[in-house]
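Input: a single structure, listed below in structure tokens.
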Amino acid sequence: MPRVQSIQMRVLLWGWGVLIVGLALAFWRYSASLDEETARDFERETLTRLETVQWLLDRGGPFKEPRDRHDFLQTLAANMGMRISLIQGGEVLADSSRAFGDLATMDDHSTRPEVLAALGNELGKATRHSTTLDRDMIYMARKLPGQEGEDATVLRLAAPVSQVRMHMQRMRWALLAAVIPLLLGSGILLYLLSRTLTSGIAQFTEAAQAIGEGDYRRRILFYPAAEFQPLAEAINRMAKKIKKNMKVIENQRGELWAMFEGMTEGVMVLDTAGRILHVNPAMSAIFPRAQEFLGRAPLEATMSLEIQNLVDTLMAGETTEPVSRQIELKNRHCAEMTVVPFRDHKFRPRVILIFHDTSEQKRVERVLRDFVANASHQLRTPLTSIRGYAETLLDAPPADDAKRREFLDIIRANAVHMSKVIAGMFALAKSERGGKRPKDLNASVLQALEHALMNCTFAAQEKDIHLEVEALPEGLPNVAADPDGLLQIADNLLDNAIKYSPMGTAVRISAETDGQSVTMRFHDQGPGISPEDQKRIFERFFRADNNDVDGAGSAGLGLAICRHIARNYGGEVWVDSPADKGAGNGSVFSVRLPVV
Ligand code: ADP
């Protein structure tokens, strides 16, 4: 910034400058007219004196001796403080500055300019150096009326120049004495005025600075002069407006921030250089370490060249429309990504990336697709059979009663199978929905086992199967599962154990805990499951044919449902077969669930 002189300095310099020049001009003009005036006054006074001396000479005379006239004039000159001379035809008849005896030695005075002028009947005036007195003198001479035939007599008065000059000097000093206090006084006044101005400006500066630093309540209430009022009002208005705008901005920022933090979609904001500026908490569900990559390129946080390329294209400002893409993430996750371009305050292109995790949506779609495919496949065979037998019974009913009854049995068995398939599929669909929040998951293992035992008592009695419950450990903790889900697992495993066990055998039920989880076991003495089938029995609709104990009604969904439910709670279901190594048969189905 160029160096600018302060207002105070300027007011002082200019004010004083103008005053000094004005006073100097006035002084010069005044002293010039003073000189003239003084000279005129002196002239007038000397003329009066000339007349007085002439009159006194007339009264004093006639003198007996020239000496008497000389003495008379000398006395007069001493009283008047002037030099008086009387000159006739160049000869000095009397001179107050000389002794009478010396007059004869004096020069011829007829050539003196004042004398020459007086002889010409004028008032003779001259200022020059007097050889007689050796100092500058002012002379005034006048011709006296004389006798006929006699040389004209000239009366001359003289005063030293210094006397007049001294008078002038005194006047000048008096003038200066008046000017100096005037200058000093005006200087003080100018200083005070400029200080008021600068202190007013300092107040403005301070207020503007405070407003700039965020004190929007600051106002200028006092100002040094009326001229400052519009400026003060403008600054006050500006502060008020800024305060209002800041309020709006802060509110909007708060709303946006709450939205940003609370969104279920992951949001990544990039700066003008295409580096990550902010990411919201939801981003960590999609890219778990996104927070660690602030200030880096999206490629590093997402490890996706596709995303980086898209960002680069939009950052180049080639398009102003948002672009959406489906992207594959790790762990079979997928998301819909929308890159929204916008321009910042300097019109530079910037982008925001929004990630919508579509994994759950995709999973639900897949489940629905599978459900429909499985359902139609599973229901088509029994339905065709029911239709066939029903049509036969209608169109060509067998004459044999036993045959008719057999057909109806087949129809009923298929209907039972269909209802089992449908029930199983609903149970599976329900377990797919997930549902409860983890903190609401709390189920008692003991209660679930008691309930399952009660449900299966009838089936066990039918096959004369002995249900043995091992003594459960003291204080068995609850598991983090929904009681309905846990019961469904226990029901299915116990039902299978009974279903696939030969008549008159035993099923052993036990539970144990390691503090972290609880494991329930269902141990049967059935045919066991081959290693190949063990890999597949938890798949939907898988059934090992050689285990088709009850012949009809099994849908192959029970174990799939169990595994699904257990995994939903962070647990697992598995089988060990043969149960007793060496004995060669039997299987143990176990389910492990985390404790609450
Ligand atoms: P379902 O019992 O309806 O056929 P599941 O999913 O419950 O369907 O069982 C799948 C298959 O696993 C059954 O078909 C059966 O072959 C086999 N299985 C299940 N439990 C046992 C068991 N305790 N002993 C022997 N085989 C079993």
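The values are calculated or read from the model by the stated rules, or taken from the named source; none is laboratory data. Fair warning: this is a prediction, and the values are worked out from it, not measured in the lab. Here the Cβ positions follow ideal geometry from the backbone for every residue, glycine too, while neighbour counts run over all protein chains shown.
When Ala390, Ala497 are checked against the criterion of being surrounded by 13 or more Cβ atoms within 10 Å (Cβ to Cβ), within 13 Å of the ligand (Cβ to nearest atom), assigned to a helix (DSSP H, G or I) and on the phi < 0 side of the Ramachandran plot, Ala497 stands alone in meeting it. If you go through the stretch 97-117 and keep only what is outside any helix (DSSP H, G or I) and in contact (Cβ under 8 Å) with a residue 24 or more places away in the chain, you end up with Ser97, Arg98, Met106, Asp107, His109, Arg112. Residues of the stretch 290-344 that are assigned to a strand (DSSP E or B) and over 22 Å from Gln361 (Cβ atoms): Pro341, Phe342, Arg343. Within the stretch 401-428, residues that are away from the ligand (no atom under 16 Å from the Cβ) reach partners that are assigned to a helix (DSSP H, G or I) with beta carbons closer than 6 Å, at six or more positions or on different chains, in the pairs Phe407/Tyr389; Phe407/Leu393; Ile410/Tyr389; Ile411/Ile386; Ile411/Tyr389.
Results for (1) of a type in the set (Gly, Ala, Ser); (2) not assigned by TED's automatic domain parsing to the domain that holds Ala301, shown as yes or no for each residue.
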position	(1), (2)
Ala234	yes, yes
Ala239	yes, yes
Asn245	no, yes
Val248	no, yes
Gly254	yes, yes
Ala258	yes, yes
Val269	no, no
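Run down Thr513, Thr505 and say which single residue is of a type in the set (S, T, N, Q) and over 60 Å from the mean Cα position of the chain (by Cα). Exactly one of Thr513, Thr505 is of a type in the set (S, T, N, Q) and over 60 Å from the mean Cα position of the chain (by Cα), namely Thr505. Being in a helix (DSSP H, G or I), surrounded by fewer than 17 Cβ atoms within 10 Å (Cβ to Cβ) and among the small types (Gly, Ala, Ser): is that true of Ala77 here? In short, no. Of the numbered conditions (1) surrounded by 15 or more Cβ atoms within 10 Å (Cβ to Cβ); (2) under 22 Å from Gly262 (Cβ atoms); (3) more than 30 Å from the chain's Cα centre (by Cα), Phe287 satisfies every one except a single condition; which is it? Against the list (1) surrounded by 15 or more Cβ atoms within 10 Å (Cβ to Cβ); (2) under 22 Å from Gly262 (Cβ atoms); (3) more than 30 Å from the chain's Cα centre (by Cα), Phe287 comes up short only on (3). Residues satisfying the criterion are present in the stretch 465-482 (criterion: without any contact (Cβ under 8 Å) to a residue 24 or more places away in the chain, over 23 Å from Phe538 (Cβ atoms), among the charged types (D, E, K, R) and not in a helix (DSSP H, G or I)). Annotation: of all residues in the stretch 516-546 being β-branched (Val, Ile, Thr) and near the ligand (Cβ under 7 Å from one of its atoms), the one that is farthest from Leu467 (Cα to Cα) is Ile537.
Might you let me know whether the stretch 366-374 holds any residue that is in contact with a Lys or Arg (Cβ under 8 Å, 6 or more places away or on another chain) and either loosely packed, with under 15 Cβ neighbours inside 10 Å or not polar (S, T, N, Q) (or both)? The answer is yes, given that some residue of the stretch 366-374 is in contact with a Lys or Arg (Cβ under 8 Å, 6 or more places away or on another chain) and either loosely packed, with under 15 Cβ neighbours inside 10 Å or not polar (S, T, N, Q) (or both).
Restricting attention to the stretch 204-257, and to residues there that are part of a loop (DSSP other than H, G, I, E, B) and of a type in the set (A, V, I, L, M), which single residue is surrounded by the most Cβ atoms within 10 Å (Cβ to Cβ)?
Among residues in the stretch 204-257 that are part of a loop (DSSP other than H, G, I, E, B) and of a type in the set (A, V, I, L, M), the one surrounded by the most Cβ atoms within 10 Å (Cβ to Cβ) is Ile220.
Scanning the stretch 321-372 for residues that are of a type in the set (Phe, Trp, Tyr) and modelled with pLDDT of 85 or more yields Phe342, Phe347, Phe355. Cβ-Cβ distance below 6 Å, separation of 6 or more or different chains: which pairs start in the stretch 501-530 with a residue that is on the phi > 0 side of the Ramachandran plot and end on one that is of a type outside the set (Ser, Thr, Tyr) and within 9 Å of the ligand (Cβ to nearest atom)? As it stands, the answer is Gly528/Gly586, since those pairs meet every condition given. Against the test of being closer than 13 Å to Glu43 by Cα and of a type in the set (A, V, I, L, M), the options Ala159, Ala152 yield a single qualifying residue, Ala159.
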